[in-house]
There are 2 protein chains.
Amino acid sequence: MNLEKIINALNNPTRRNIVSWLRDRSNFPPALPEHADLEGVCVAYIQEKAGLSQSTISNYMGLLKDAGLVNSERHGQWTFYSRNESAIQAFISAVEKELI
Amino acid sequence: MNLEKIINALNNPTRRNIVSWLRDRSNFPPALPEHADLEGVCVAYIQEKAGLSQSTISNYMGLLKDAGLVNSERHGQWTFYSRNESAIQAFISAVEKELI
DNA sequence: TACAAATATCGGTATATTTCGATATATGAA
DNA sequence: TTCATATATCGAAATATACCGATATTTGTA
């Protein structure tokens, strides 16, 4: 758990939004039928929702992944990102421990 | 409650340390006798503990204050900073609400 | 009033972050 | 193998942050 990296990753409103949006698949367009049973959301959908360039979102997802806040799985040409719930919980606990 | 400002203020290890150190007065040298009944810690003590320049710490305390995480009270030539517990608690709650 | 101490503000340099467009890579399909 | 699609990486410009030393401000005291 790298608190420094996590706070850094969350020190940006779009990245916080992404983590929040990923709570609910219905924040994004429906998955393609062949992806129906896969977890996570592809980069293109996140990009569309965030309204920033493809490269920026790819970079953001890399930061969130590197911080451990999201998981990624590649399936064919797509990378699917989903929340890492236990890491998010651990982060909250760490903030409480460090601050409270 | 400006989450953006707060996360920004906490996106620095020294500033997080300061908020943490302020939990316990005994992290600093004893107060002068004439300040014995005052809440908070003066800038010089915080500076000494942090090991950064006076201007940097003054700036940091301004950021923490502006974010609402600390209170300040001026008494004579001294400014005493103390934690704003309710703001800290509100921040934790906001992070939970936004992320969890 | 003059001085010293504590803190705040200013101006600057080095470094980091934001965000983009262009390009590279990987993969499925024709 | 060639092409199109999805994603990742690169290089750059604009902006923000981390700190510092120097200076200004405030206040108590000689």
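Readers should treat all values here as calculations from the given coordinates under stated rules, not as data from a laboratory. Predicted model, so just to flag it, every value in this text is computed and none were measured. Note that we place each Cβ from the backbone using ideal geometry, even for glycine, and neighbour counts take in every protein chain shown.
Examine region B:77-91 for a residue that is hydroxyl-bearing (Ser, Thr, Tyr), loosely packed, with under 13 Cβ neighbours inside 10 Å and within 12 Å of DNA strand D (Cβ to nearest atom), and state whether such a residue exists. No, region B:77-91 contains no residue that is hydroxyl-bearing (Ser, Thr, Tyr), loosely packed, with under 13 Cβ neighbours inside 10 Å and within 12 Å of DNA strand D (Cβ to nearest atom).
Any idea how many residues of region B:10-40 are crowded, with 17+ Cβ neighbours inside 10 Å, under 10 Å from the mean Cα position of the chain (by Cα) and within 12 Å of chain A (Cβ to nearest Cβ)? Result for region B:10-40: 6. Would you confirm, using the coordinates I've provided, whether B:LEU69 is surrounded by 15 or more Cβ atoms within 10 Å (Cβ to Cβ) and either of a type in the set (Gly, Ala, Ser) or within 12 Å of the chain's Cα centre (by Cα) (or both)? Yes, satisfied. Residues in region A:43-55 that are in contact with a helix residue (DSSP H, G or I) (Cβ under 8 Å, 6 or more places away or on another chain) and either of a type outside the set (Gly, Ala, Ser) or within 10 Å of DNA strand D (Cβ to nearest atom) (or both): A:VAL43, A:ALA44, A:ILE46, A:GLN47, A:LYS49, A:LEU52, A:SER53, A:GLN54. Filtered by the rule that a residue be more than 8 Å from DNA strand C (Cβ to nearest atom), away from every other protein chain (no Cβ under 14 Å) and touching a helix residue (DSSP H, G or I) at 6+ places or on another chain (Cβ under 8 Å), region B:57-80 gives B:TYR60, B:ASP66, B:ASN71, B:HIS75.
In the condition set (1) polar (S, T, N, Q); (2) over 17 Å from B:ILE100 (Cα atoms); (3) within 14 Å of chain B (Cβ to nearest Cβ); (4) exposed (fewer than 14 other Cβ atoms within 10 Å of the Cβ), A:SER53 is compliant with all but (3). Criterion applied to B:TYR60, B:TYR45 was being in contact (Cβ under 8 Å) with a residue 12 or more places away in the chain and closer than 15 Å to B:TRP78 by Cα, and the one residue passing it is B:TYR45.
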